[in-house]
Amino acid sequence: MADSEELHLEKHVDYIKSLDKKSDFDAVAMEHLRMSGAYWGLTALDIMGRLGDMNVDEIVAWILKCQDECGGFGGNYQHDPHILYTLSAVQILCLFDRLDAVDGDKIAAYITGLQNEDGSFAGDEWGEVDTRFSYCAICCLSLLKRLDKIDLEKACDFVARCKNFDGGFGCIPGGESHAGQIFCCVGALAIGGALHHVDKDLLGWWLAERQVKSGGLNGRPEKLPDVCYSWWVLASLVIMDRVHWIDKKKLAQFILDCQDPEGGGISDRPDDAVDVFHTYFGVAGLSLLGYPGLKAIDPAYALPVDVVDRVFYGQKKQPPVS
Amino acid sequence: MHGRPRQRPGQAPSPLHHQEQAYAVELQKLMPQFLQSNRTCWVFDVGVVCSYSAEAMNQNARLLELNPEFYTAWNYRKRAVEEILGRETDEEARKGIAQRELDVVVRALRVNHKCYGAWYHRKWVIGLGLSSLDAELVLLKKLLRLDGRNFHGWDYRRFIVKTKGVPPEEAILFTTDKINENFSNYSAWHNRSALLSEISKKEGTEINRVQAMLEDEYDFVKNSFYTDPDDQSGWFYYCWLLEQTIALVGTPGSDVWLMKVLDKEIEACRELLELESNSKWTKLTLARLLLTHASYNTSSRKSDTDEARTHFEELCSLDPTHREYYQYQLSMLSSKELIKDRSSLTTQHEGSEELQLKS
Ligand SMILES: [Zn+2]
């Protein structure tokens, strides 16, 4: 695969930009999570240095339309609010340095209302509990600088209760370890300042064992490799300072082999159909691997490092480049 | 999004593609209609009772069959069920309403058996207490036979088992069956570890019983190594068993027991290595067993550590992808030895002082 050895950056940029005009089954079936789709696409563009091509005001106006009276955001206009899309909305606003467009207290009140007595979080008013939602809550409130609004210790203790025999984490106590879930739990504990709950040597080893012969990473033992785990496994390993336990060169090659060199975009495995989700995770994975020409990404907040710095250290907005 | 072949330019679209296009058209028609009625229902939620007509419910069910991930449509159903149950008093009719929801979930799971929203809807309906839990276990048996690693199915099974109040001693039998069907079922090993912890932590469980359980588990998991020593599933479980074994140190009679177990397991790994000299997992496990042995048995400390070091060194070339991990283990070994050397120097020193005093 000689033509796959480098990142086809321009192709990926064009692919992401083209997504909004599509109306095939995949596009229609993803309408309910357009907010997350936008976050994946826009973050990938930012990492590739091309966020400036987008119409900020148009996107921000659409995000505001997706906010419900309760403060939470839906996956799209007229869709019910959910914590997953609330985090995506806040992350996009961070990308554009437009947190000023929303009422942070109102969003924080929505999230705070979803915390249960045992420290866990529901995804929405219907009460589904999952450590993914713990991550969404902690990450989102941290970006809004309102972590003090929840019982953070209890939130972290609940995540710790989801730890398993292999050092990994599941959706709820007793749930099987899964790399995606591990990212959420390790990310939540990292932001919440409670990484002491993580057995770094045991979990680091388990995560390193996700790398298969092709160089790709799987999400659970004896499963096929998939580009999205490049992000989940890798980000967790970076947070735990164990990323050198995998073969980074081989992983980068696996991601590059999953590119569509003609149409742009990245797929789960070589020669499969591309989508925005795997395009983002592939590009983000390459960024964590230090691939040249890409912006560095923060492994816990899943946003470019300069964006996170701007949120927390309040750097002034850059004047628009004319 | 997963496992779909890439369409090459100029390549004829697959028959599946035409089917999907038809679905896309149908979805594009149904979705706006639904979202409109969903919003009106919601606005009037406070004062006016929404009708949730049979037609609206059927249309919603069709939407969820076309796209089970459409979470707002699941929410609509929950609101509808709450409203309908609120005015229905006949027990049989109420059960029928719950059953209709379970049927909608089954149709959605047929399209996507990894759909969080569909699984949660099922949990939510069961929480109403109008359905048979045994029927759920029968359904799960079928589902986990088709895909033994479906973690949603396992999570849901744990939920049913808990709701039904099945004791862990009984629940563990299902994991035995699944592992006997296919030892490479990591989901089953995982569940087994949780159940075993639950049993051994139960009040009044005697140490002897825990020890016997652990010994049985060693024998059970070792069976899988003879079938395929490269399969990861059992090895992670084995590693955890070793941890549980060490955790018993300090309890009455456990120190002798530990050495007995370690000797037996070291022997077993050596036998396995004779059959499969390049088995990465056997080597790694043997190295760990030896290091554990070394830390509890001073007389063989040096030979155990030396042998473990050889295994780690061989692992570096046998499994170069994880070389850095083995290097880390080796570096830990030498730093530990440094500390041990230093402490043995002090003991010698103290000893000689003692001798001097005596003389
Ligand atoms: Zn994937």
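The values are calculated or read from the model by the stated rules, or taken from the named source; none is laboratory data. Source: prediction; values computed, not measured. Note that each Cβ is placed from the backbone with ideal geometry, even for glycine, and that neighbours are counted across all protein chains shown. With ligands, DNA and RNA removed, areas are computed over all heavy atoms of the protein, side chains included. Shrake-Rupley method; radii C 1.70, N 1.55, O 1.52, S 1.80 Å.
Values for this structure:
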{"quantity": "Filtered residue count, region B:83-96, keeping only those that are more than 33 Å from the chain's Cα centre (by Cα), part of a helix (DSSP H, G or I) and free of Cβ contacts under 8 Å to residues at least 40 places away in the same chain", "calculated": "9"}
{"quantity": "Per-region count, region A:228-247, residues facing chain B (nearest Cβ under 10 Å) and buried (at least 20 other Cβ atoms within 10 Å of the Cβ)", "calculated": "5"}
{"quantity": "Single unsatisfied condition, B:LYS201 versus (1) closer than 26 Å to B:PHE159 by Cα; (2) at the interface with chain A (Cβ under 10 Å from one of its Cβ atoms)", "calculated": "(2)"}
{"quantity": "Test: residue in region A:9-16 that is more than 14 Å from chain B (Cβ to nearest Cβ), closer than 19 Å to A:TYR291 by Cα and open to solvent by less than 20 Å² (accessible area, probe 1.4 Å)", "calculated": "yes"}
{"quantity": "Single match in A:PHE277, A:PHE254 (criterion: closer than 27 Å to A:ASP97 by Cβ and within 16 Å of the ligand (Cβ to nearest atom))", "calculated": "A:PHE277"}
{"quantity": "Where A:ASP57 falls short, out of the listed (1) closer than 23 Å to A:LYS106 by Cα; (2) within 12 Å of chain B (Cβ to nearest Cβ)", "calculated": "(2)"}
{"quantity": "Condition check for B:ASP216: in contact with a strand residue (DSSP E or B) (Cβ under 9 Å, 6 or more places away or on another chain) and part of a helix (DSSP H, G or I)", "calculated": "no"}
{"quantity": "In region A:57-76, the residues that are in a helix (DSSP H, G or I) and free of Cβ contacts under 8 Å to residues at least 12 places away in the same chain", "calculated": "A:ASP57, A:GLU58, A:ALA61"}
{"quantity": "Some residue of region A:22-44 being closer than 21 Å to A:LYS295 by Cα and among the charged types (D, E, K, R)", "calculated": "no"}
{"quantity": "Pick from region B:134-182, criterion open to solvent by 40 Å² or more (accessible area, probe 1.4 Å) and among the hydrophobic types (A, V, I, L, M, F, W, C), ranking: modelled with the lowest pLDDT", "calculated": "B:LEU146"}
{"quantity": "Residues of region B:134-150 classified as within 16 Å of B:GLU181 (Cβ to Cβ), aliphatic (A, V, I, L, M) and more than 14 Å from chain A (Cβ to nearest Cβ), total", "calculated": "3"}
{"quantity": "Single residue of region A:280-291 satisfying the filter (within 15 Å of A:GLY216 (Cα to Cα) and within 14 Å of chain B (Cβ to nearest Cβ)) that is nearest to the ligand (Cβ to nearest atom)", "calculated": "A:PHE281"}
{"quantity": "Region A:206-215, residues that are open to solvent by less than 10 Å² (accessible area, probe 1.4 Å) and either out of contact with any helix residue (DSSP H, G or I) (no Cβ under 6 Å at 6 or more places or on another chain) or more than 11 Å from chain B (Cβ to nearest Cβ) (or both)", "calculated": "A:TRP206, A:GLU209"}
{"quantity": "Any hit, region B:100-108, residues being closer than 22 Å to A:GLU31 by Cβ, of a type outside the set (Phe, Trp, Tyr), in contact with a Pro (Cβ under 9 Å, 6 or more places away or on another chain) and open to solvent by 40 Å² or more (accessible area, probe 1.4 Å)", "calculated": "yes"}
{"quantity": "Conditions (1) among the hydroxyl-bearing types (Ser, Thr, Tyr); (2) over 29 Å from A:LEU84 (Cα atoms); (3) within 14 Å of chain A (Cβ to nearest Cβ); number of the one not met by B:SER131", "calculated": "(3)"}
{"quantity": "Enumerated helices (runs of 4 or more DSSP H) restricted to region A:77-178, each holding at least 2 residues that are within 14 Å of another protein chain (Cβ to nearest Cβ)", "calculated": "A:83-95, A:131-143"}
{"quantity": "Single condition A:ILE172 does not satisfy, out of (1) within 16 Å of the ligand (Cβ to nearest atom); (2) in contact with a strand residue (DSSP E or B) (Cβ under 7 Å, 6 or more places away or on another chain)", "calculated": "(1)"}
{"quantity": "Single match in A:LEU251, A:LEU256, A:LEU289, A:LEU303 (criterion: farther than 21 Å from A:SER177 by Cα and open to solvent by 10 Å² or more (accessible area, probe 1.4 Å))", "calculated": "A:LEU289"}
{"quantity": "Unique match (being more than 18 Å from the chain's Cα centre (by Cα) and under 30 Å from B:THR227 (Cβ atoms)) among B:VAL125, B:VAL138", "calculated": "B:VAL138"}
{"quantity": "Any hit, region A:222-244, residues being β-branched (Val, Ile, Thr) and within 16 Å of the ligand (Cβ to nearest atom)", "calculated": "yes"}
{"quantity": "Selected residue (only one of A:GLU222, A:GLU262 is open to solvent by 10 Å² or more (accessible area, probe 1.4 Å), in contact with a Pro (Cβ under 7 Å, 6 or more places away or on another chain), facing another protein chain (nearest Cβ under 10 Å) and among the acidic types (Asp, Glu))", "calculated": "A:GLU262"}
{"quantity": "Residues (crowded, with 24+ Cβ neighbours inside 10 Å, part of a strand (DSSP E or B) and either within 9 Å of chain B (Cβ to nearest Cβ) or more than 16 Å from the ligand (Cβ to nearest atom) (or both)) located in region A:265-274", "calculated": "A:SER267, A:VAL274"}
{"quantity": "Criterion (within 14 Å of chain A (Cβ to nearest Cβ), out of contact with any Phe, Trp or Tyr (no Cβ under 6 Å at 6 or more places or on another chain), under 19 Å from B:ALA308 (Cα atoms) and open to solvent by less than 50 Å² (accessible area, probe 1.4 Å)) met by exactly one of B:TYR238, B:TYR186", "calculated": "B:TYR238"}
{"quantity": "Any hit, region A:185-192, residues being open to solvent by 10 Å² or more (accessible area, probe 1.4 Å) and either in contact with a Lys or Arg (Cβ under 8 Å, 6 or more places away or on another chain) or within 11 Å of chain B (Cβ to nearest Cβ) (or both)", "calculated": "no"}
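So that you can scan it fast, the table gives a plain yes or no per residue for (1) surrounded by fewer than 19 Cβ atoms within 10 Å (Cβ to Cβ); (2) in contact with a helix residue (DSSP H, G or I) (Cβ under 7 Å, 6 or more places away or on another chain); (3) closer than 20 Å to B:HIS293 by Cβ:
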{"position": "B:VAL210", "(1), (2), (3)": "no, yes, no"}
{"position": "B:THR227", "(1), (2), (3)": "yes, no, no"}
{"position": "B:GLU243", "(1), (2), (3)": "yes, no, yes"}
{"position": "B:LYS264", "(1), (2), (3)": "yes, no, yes"}
{"position": "B:LEU272", "(1), (2), (3)": "no, yes, yes"}
{"position": "B:LEU275", "(1), (2), (3)": "yes, no, no"}
{"position": "B:TRP281", "(1), (2), (3)": "no, yes, yes"}
